[in-house]
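Each reported figure results from applying straightforward, stated rules to the coordinates on display, with no laboratory input. In this text, all values refer to a predicted model and were calculated from it rather than measured experimentally. Counting neighbours? That spans all protein chains shown, and the Cβs are built from the backbone with ideal geometry, glycine included.
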Ligand code: KIV
Ligand code: ZN
């Protein structure tokens, strides 16, 4: 715990912080990210399994579907408290009450800029609305969480008046939103401290990432004594997003020594689910959940990692349900290649290793990507072994029948031609099923995960597909690149199976030749 002792001296850190997850409300307000009610339910289940304390399931007033989804989530018997957002308006609070939630998050803007240009209310009118609506919600027996929207741009003495009044009206906790992300860690510490001097209920912070400071500001809130943090999975949310849940809880756990109820090992799979259902791609270099967060290419780093992963990893990837990845390219060094060759049973010979590395660098220099499968193909050539033909997609045809896609593929994997068909709601899903069906003929593989990053549908910017397959306990990551995402996913499957076959000496091999799935 790198800084724990120092921090404990400077700040009164809490033992535990409560996570108020707003992926299904503020996260869903990300432009273009509408979830179907059934998707919201899947995400709510995953959040509950992850261990968040409060799930803000939505803003019931926005639509009938939203109200129904919030109500369904509230009645699913989850461990987390279920919360609904409501403006400081009777109609919002009544709609939230109808959704059977445990908590209502009542909010009203308090900054002059919002009062003048949006609400057209005086400060006194806003104060009265906040007070009376908290009281109204409270009379109905729910837990009331109050937010002063745009708190960080509100004149502090007025903000404190509002907080004192809503506490008197019955608010159970008080939130400080940094609505447009303009706070600094210093300012957040100041505001939380001031709030705690004015009220006795738990204080929370809700930070946006317009200046890339949402996580830093949230942690500053904890340093000053905030007990609740608002966050979203993958940091999705309005504009530049909200504070990222995975980054906050990881920093609290590993750097501050402050506990949350979050099962860290579930973070990655929850992130992937939210990415898939919202369609908002996680950047490769995103902390904790990004593709590159535990990937290493450069020779120096790979050498260090092979000596001890602690050299270049602050925390082991398994802590978050992830795996380390050594990638190959022009920065590769001998150690990474050597480790891969050993893993696949090659006897390492210096000269051959040099030749393989030279070929990898040549491909890397020309801008190409080098997968594990490529390295193994190069190795089999250099070693003069029976060359294992690179896996490939021989044929893929897709048709659309009655709104469903039907894919038929032929793959060449480990010298075999295998064929399969599959259906799905889009070409990628149909091709994925077809390819899995095809490879069923040569190996008993299970799909662990997959993702497709779509490019610009040209040669220079192809779609990138990644598939993780496993046979028993051995996993392999296959990658496919093609301007057509359906071909990319199909070749990623072929590549993963190819690697699995190489690593398994006694896989279930059915006769060679052409087979239909
Ligand atoms: O950013 C914000 O101010 C909000 C409020 C509704 C809390 O999301
Ligand atoms: Zn917000």
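Overall form of the range 1-155: oblate. Here a/c, set by the Cα gyration tensor axes a ≥ b ≥ c, is 1.5 or more, and a/b is not larger than b/c. Derived value for the range 392-505: Kirkwood hydrodynamic radius 13.6 Å. Basis is the mean of 1/r over every pair of different alpha-carbon atoms. On the beta carbon distance between residue 358 and residue 62, with R0 = 60 Å, the FRET formula returns roughly 0.50. Distance between the pseudo-spin-label points of residue 239 and residue 311 (7 Å out from Cα toward the beta carbon): 4.3 nm.
With viscosity set to 1.002 mPa s and temperature to 20 °C, compute the Stokes-Einstein D of the chain, Rh being the Kirkwood radius across alpha carbon pairs; µm²/s, no decimals. For the chosen part, D equals 85 µm²/s. Taking all Cα-Cα distances within the range 4-278, those exceeding 36 Å account for 7%. Translational diffusion of the range 187-345 was estimated from the Stokes-Einstein equation, with Rh taken as the Kirkwood radius over Cα pairs; at 37 °C and 0.692 mPa s the coefficient is 188 µm²/s. The label point for residue 423 and the one for residue 342, both projected 7 Å from the Cα toward the Cβ, are 5.0 nm apart.
Between helix 156-168 and the chain there is an angle of about 80 degrees, using the helix long axis and the longest principal axis of the Cα atoms. The long axis of helix 214-223 is offset from the longest Cα principal axis of the chain by roughly 60 degrees. For the pair residue 8 and residue 395, the difference between a 0.36 nm per residue extended length and the Cα-Cα distance amounts to 133.1 nm. Each peptide among 229-237, 466-474, 313-321 gets the average number of other Cβ atoms lying within 10 Å of its residues, and from highest to lowest they stand as 229-237, 466-474, 313-321.
Angle of helix 334-343 to the longest C-alpha principal axis of the chain, folded into 0 to 90 degrees and rounded to 10: 70°.
Taking label points 7 Å from Cα along the Cα-to-Cβ direction, residue 184 and residue 112 give a separation of 2.2 nm. So if we plug the beta-carbon distance of residue 474 and residue 157 into 1/(1 + (r/R0)^6) with R0 = 56 Å, what FRET efficiency do we get, rounded to 0.05? FRET efficiency, residue 474 to residue 157: 0.30. For the range 295-383, the Cα gyration tensor yields ellipsoid semi-axes of 23, 14, 12 Å (square root of five times each eigenvalue, largest first, whole Å). Give me the percent relative contact order of the chain, please, defined on Cα pairs under 8 angstrom at least 6 residues apart. This gives 10 percent for the chain.
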